[in-house]
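Presented below is the structure to which this report refers.
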Amino acid sequence: MQTFGFAQAAYHMTHSAIGAVKGPGETLHEYTFIAPDPERQLKHGEFVYYTASVEGSERQILGRISGRAAVKLFPDAFMAEPSVPPHAVAAMLGYDSDATELFELTVTVLGYYDDFLNDFINPRTPPQGGAPVFIAEDELLAEVLSRGQRGELGSAHIGDLLSRAPGAVPVALDARGFTSTHLAIIASTGSGKSYLAGVLLEELMMPYNRAAALIIDPHGEYDTLQQIQNLDIFREGDYKPKARIFRPDDLRVRISSLTLGDLRYLLPNLSEKMHYQLGRAYNYAQRTWGEDKYTLEQLRFAVRQVADSKRGDEEEEEDDPTTGGLIWRLGSALGGSKIFHDFENIELDELFQPGMCTIVQLNEVGQREQQVIVATLLRRVYQARVDTKKGKVDRGDRSYVPFPVFCLLEEAHNYAPANADAVSSDALKTILSEGRKFGVSVGLISQRPGRLDSDVLSQCMTQCIMRITNPIDQNRIAESVESVGRDLLKELPALSKGQVIVSGASVNTPVMLKVRVRHTEHGGEDVNAPQEWRQWFAEQAGRVADNALFLDKGVQRDEDGMLWA
Amino acid sequence: MTMTDRIGSIVKSNTHIDYVCQVFGPVEREKQPPPDAYAFGAFVAIALSDDSASHPPGIAGSPAGELIGIVYNTLLVNPEFGSQGPQLSSRAEQAVFTPDLMHETATLLGVLALGWQDAGGPRQGVPRLAAKVGATVRRLADEEVRQFHRDARERLALRYTAILLGLNNPLAPALLLDIIDRLSGLFPHEQTILQVMRNNVAWKSMIQPAG
């Protein structure tokens with residue numbers, strides 16, 4: 001066996017070995033190898049392997065390059081004159097060889113890929129000194145890095161391996177992973193997080209996934225996803241995905257669906273006494289008219305009914321500052337809002353359907369209202385799934401949701417902020433911890449992980465991390481995301497737009513990817529201010545020309561530029 | 001090759017590449033070689049042919065070729081030194097009555113072989129063949145020095161630098177600087193790369209020891 005191994009190794013050596021093992025690395029799962037690397041293939045994060053005999057069969061033990069140090073370089077003095085390349089000086093001294101540099105590369109061992117377990121197994125067999133190290137072939141990586149192959153049921157092809165040529169190693173996430181144990185997309189502004197979210201949603205709406213997805217879109221930048229309805233690539237047989245947009249004007253939240261917590265959160269500056277009275281009024285309303293069956297007017301009535309001063313005549317009660325203040329606050333927070341409504345509510349079957357992507361646009365909606373909308377929405381869908389799973393509701397019931405759902409939240413730090421109370425935090429945390437059992441999963445998108453509740457972030461088992469330069473945010477990621485190695489986190493500030501580190505439950509090992517091109521257009525483009533300023537002048541010039549026509553017809557202009565016939 | 005180009009002959013060697021050349025005195029040649037022909041840093045050729053008389057040294061006449069070396073040291077030999085005693089005759093008389101004694105003063109040169117030239121042209125490196133005692137040493141012409149410093153691909157070559165600096169001789173860096181300065185004149189187009197080399201050597205030999 002051993003002889004065969006060496007024979008095979010010798011064969012590989014002559015063909016594609018790129019280095020030779022030096023010895024063990026600093027930690028138990030590292031080794032180092034020496035390579036001249038004239039073609040600069042051995043980048044940080046690149047995959048290499050050595051062969052070892054495991055339980056009688058030859059295995060390729062894959063590892064990722066996590067360090068690169070030079071062991072032989074030209075003397076600094078040879079580079080004193082920029083116009084004279086150091087190898088010219090070396091050639092003059094008689095060193096003609098191209099082998100001028102030598103590197104020591106540290107490799108973190110992943111192990112060999114076990115088809116049965118669908119995971120990497122570290123055989124704990126260290127490589128022999130001098131053993132050849134090979135660069136992993138594209139085909140091998142395409143097979144072992146993704147849980148599912150591109151286009152298969154439950155796959156989400158979001159991009160290609162960054163260290164290889166575009167398209168050489170497509171990597172597909174396991175949609176089963178992030179649609180059960182949640183997802184986080186963390187990236188600073190302008191690094192392409194909305195683009196990546198768009199790619200993910202496209203994949204979820206593909207014929208091989210047909211998801212029931214919803215996206216909370218506070219900036220109104222996902223409406224281009226509507227194009228999925230018209231593109232052939234999303235169709236298969238009878239299947240054609242739907243995209244539904246709820247604009248702020250279309251949003252309705254029935255007042256009676258708000259919890260006491262929601263009400264307290266919406267009403268500003270409540271005194272202790274008001275809190276108490278609101279609680280009593282809420283209970284009164286629920287008792288009197290039934291859960292989920294009262295209007296704002298009835299709630300106001302309830303406030304009056306439970307007032308402490310309600311003993312004698314009607315006039316006295318209006319003078320009570322607590323009752324008056326509470327009624328005034330209810331009116332100002334709920335009465336003037338188009339969203340909070342006495343009777344109308346968006347039904348769950350309007351929001352969630354397999355093969356439908358629902359975009360809930362929350363631009364022009366105040367932040368507290370946004371939080372309440374998200375909280376009620378998440379609470380309702382979670383409760384509906386729990387009830388459906390437990391058989392408490394049947395087909396025909398309003399809260400019957402017989403399929404798993406996936407909700408993507410843009411600007412997630414607004415809905416689960418660190419060091420601050422938001423009404424949506426609790427609903428989100430419930431789903432993050434319990435949602436897996438009932439098929440409710442969330443994807444959180446944030447540009448400020450430092451402002452995101454750390455419990456929330458650590459519960460997302462699939463992480464897509466893009467460029468992050470802020471050190472506070474980097475530390476938060478390091479604290480909360482244990483699946484990404486320290487060596488990969490060092491790459492964070494160096495990532496370019498559209499490059500992402502994916503780790504966690506949906507991939508076999510953390511990988512650096514280049515996000516694929518979207519099939520639909522991207523809606524999150526920045527405003528081109530200089531272009532628009534110029535355009536304004538062009539339009540202005542047109543207007544002056546039009547006005548000149550008026551002048552010819554005897555129209556006069558006064559000092560202020562006003563036109564007079 | 002004129003007679004003045006001949007400097008002297010090999011009298012012994014210290015190593016395979018380190019030879020001692022005795023400069024022709026009045027007995028060997030009527031006309032003495034000019035001092036700048038064997039100055040410090042002068043390039044010389046040592047004939048490799050067995051019979052330097054029948055085959056004049058040089059590429060054309062000598063199939064074995066020549067070693068190419070550099071004068072890295074000069075030593076004056078004077079047997080009289082230290083034997084000052086009572087003298088019966090004056091120095092002028094001595095020259096008449098015992099001329100042989102006078103000729104025992106000699107100038108010896110340390111010559112380091114840096115390469116060789118044969119029918120295949122000049123080559124830098126440690127030569128395979130060694131010179132013999134009595135081999136003629138001649139001065140190398142400027143054009144020959146230029147040729148010696150061109151490699152097969154017509155690039156400037158200084159492949160003997162390592163040998164020179166490895167001599168463990170305090171004069172070696174100065175010798176190398178002297179060579180580089182001379183080559184700068186011979187290779188005007190390659191002055192930049194020579195300057196890089198010169199600065200490197202100068203820094204290591206002048207600044208670092210003092211720092």
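Close amide H pairs (under 5 Å, H built 1.01 Å from N) link A:HIS341 with A:VAL253, A:ARG254, A:ILE255, residues at least 5 positions away or on another chain. Neighbour counts of C-beta atoms inside 10 Å place A:THR462, A:THR430 in the sequence A:THR430, A:THR462, starting with the fewest.
Amide H contacts of A:VAL133 (H built 1.01 Å from N, in plane; Pro and chain starts excluded): A:ILE18, A:GLY19, A:ALA20, A:VAL21 sit under 5 Å, all sequence-distant by 5 or more or on other chains.
Scalar couplings 3J(HN,Hα) for segment A:61-72, obtained by applying the Karplus form with A = 6.51, B = -1.76, C = 1.60 to θ = phi - 60°, are 8, 7, x, 10, 5, 10, x, 8, 9, 7, 10, 9 Hz; x denotes Gly and Pro. Straight-line reach from A:LYS389: taking Cα to Cα under 16 Å and skipping same-chain neighbours fewer than 8 places apart, the lysines in range are A:LYS437.
Computed from Cα atoms, the angle from the helix B:172-186 axis to the main principal axis of chain B rounds to 70 degrees.
Look at where the Cα atoms of segment A:411-445 and of segment B:92-159 average out, and the two centres are 89 Å apart.
From Cα pairs below 8 angstrom and at least 6 apart in sequence, can you work out the relative contact order of chain A, rounded to a whole percent?
Value for chain A: 17 percent.
Distance between the 7 Å Cα→Cβ label points at B:VAL126 and B:LEU165: 1.8 nm. Per residue, the convex hull spanned by the alpha carbons of the protein assembly as shown comes to 380 Å³.
For A:PHE103, A:PHE178, the sequence from fewest to most other C-beta atoms within 10 Å is A:PHE103, A:PHE178. Packing here is the average count of other Cβ atoms within 10 Å per residue, and on that basis the peptides A:412-421, A:203-212, highest first, run A:203-212, A:412-421.
Can you give the Rg/Rh ratio of segment A:347-489, where Rg is from the C-alpha atoms and Rh is the Kirkwood radius? Using only Cα positions, Rg/Rh for segment A:347-489 is 1.00. Report, in degrees rounded to the nearest 10, the 0 to 90 angle that the Cα long axis of helix B:191-202 makes with the longest principal axis of chain B. Result, in degrees: 60.
Let me check against my output: what whole-number percent is the relative contact order of segment B:3-148, with C-alpha pairs under 8 Å and at least 6 apart?
Values: 289 pairs, mean separation 51.9, N = 146.
Answer for segment B:3-148 is 36 percent.
From the alpha carbon centroid of segment A:467-527 to that of segment A:115-171 is 19 Å. May I ask you to work out the translational diffusion coefficient for segment A:444-547 at 10 °C, viscosity 1.306 mPa s, via Stokes-Einstein with Rh from the Kirkwood sum over Cα pairs, reported in whole µm²/s? The calculation lands on 96 µm²/s.
For chain A, adding -39500 (n - 2.57) for each run of n ≥ 4 DSSP H residues and dividing by the number of residues yields -10000 deg cm²/dmol at 222 nm. Amide H contacts under 5 Å for A:LEU513: A:LEU162, A:VAL500, A:ILE501, A:VAL502, restricted to partners 5 or more places along the chain or on a different chain, H placed in the peptide plane at 1.01 Å from N.
Read-outs: derived from the displayed coordinates by stated rules, not from any lab. Worth saying up front: this structure is predicted, and the values here are computed from it rather than measured. All Cβ positions, glycine included, derive from the backbone under ideal geometry; neighbour counts span all protein chains shown.
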